[in-house]
Amino acid sequence: MASFRLLTRADDAGLNRTTNRAIRATAKQGIVRNVSVLATAPNLEDAAELLLDLSDLVEFGLHVCLTSEWEQPVFTPVSDAAKNLASDGVFPASVDELAALEPNADDVAAEVAAQLERLRSLGFKITYID
């Protein structure tokens with residue numbers, strides 16, 4: 001029988017308290033080894049409080065956010081440079097809408113860097129970006 005290795009990743013840490021608790025439970029059970037964190041999420045501080053002590057069990061990654069496809073929650077830029085990537089302070093709903101804004105690559109890079117720094121400032125050791 002061929003062997004295989006299963007890689008698991010929990011997505012959207014910080015999105016809501018339920019997601020954060022589910023990620024914690026699955027990490028403690030050894031199911032999840034990678035946790036993708038949204039720096040723009042409304043419950044990011046809750047995620048830090050619940051998940052940072054699991055750094056010996058999981059790798060944390062930055063889930064880059066440049067769109068806001070849901071009515072709630074909405075996602076807003078972290079950096080001042082990215083204000084032109086948003087309408088009324090909220091990221092566009094789709095990649096097509098983002099492309100229509102003709103974003104400046106430097107502004108996008110500044111926003112990604114700001115999201116990374118926000119996670120690091122809360123104590124997340126980021127080892128990958130998705």
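The values are calculated or read from the model by the stated rules, or taken from the named source; none is laboratory data. Treat the numbers as computed from the prediction; the structure is a model and nothing was measured. Positions of Cβ are generated from backbone atoms using ideal geometry, with glycine treated the same way; all protein chains shown enter the neighbour counts. Please note that ligands, DNA and RNA were not included when accessible areas were found on the heavy atoms of the full protein model with its side chains. Shrake-Rupley method; radii C 1.70, N 1.55, O 1.52, S 1.80 Å.
Tabulated values for the structure
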quantity: Val112 accessible area, 1.4 Å probe, all protein chains in place, Å² to nearest 10; calculated: 40 Å²
quantity: Coil-residue trypsin sites (Lys or Arg not before Pro) of the stretch 2-65, DSSP, other Cβ within 10 Å capped at 11; calculated: Arg5
quantity: Sparsely packed GluC sites (Glu not before Pro) within the stretch 24-130, loop by DSSP, other Cβ within 10 Å at most 13; calculated: Glu69, Glu71
quantity: Residue-normalised accessible area of the chain, expressed per residue, 1.4 Å probe, Å²; calculated: 58 Å²
quantity: Separation of alpha-carbon centers, the stretch 97-118 and the stretch 53-92, rounded to whole Å; calculated: 10 Å
quantity: Reported label for calculated Kirkwood radius over Cα pairs in Å given (1) 17.0; (2) 14.9; (3) 15.3; calculated: (3)
quantity: Computed [θ] at 222 nm, deg cm²/dmol, the chain (DSSP H ≥ 4; -39,500 (n - 2.57); rounded to nearest 500); calculated: -10000 deg cm²/dmol
quantity: Sites Trp70 and Met1, calculated FRET efficiency, Cβ-Cβ separation with R0 41 Å, nearest 0.05; calculated: 0.45
quantity: Percent of beta bridges antiparallel (DSSP, the chain, rounded to nearest 5); calculated: 10 percent
quantity: Loop-located chymotrypsin sites (Phe, Trp or Tyr not before Pro) in the stretch 38-130, at most 16 other Cβ atoms within 10 Å (DSSP); calculated: Trp70
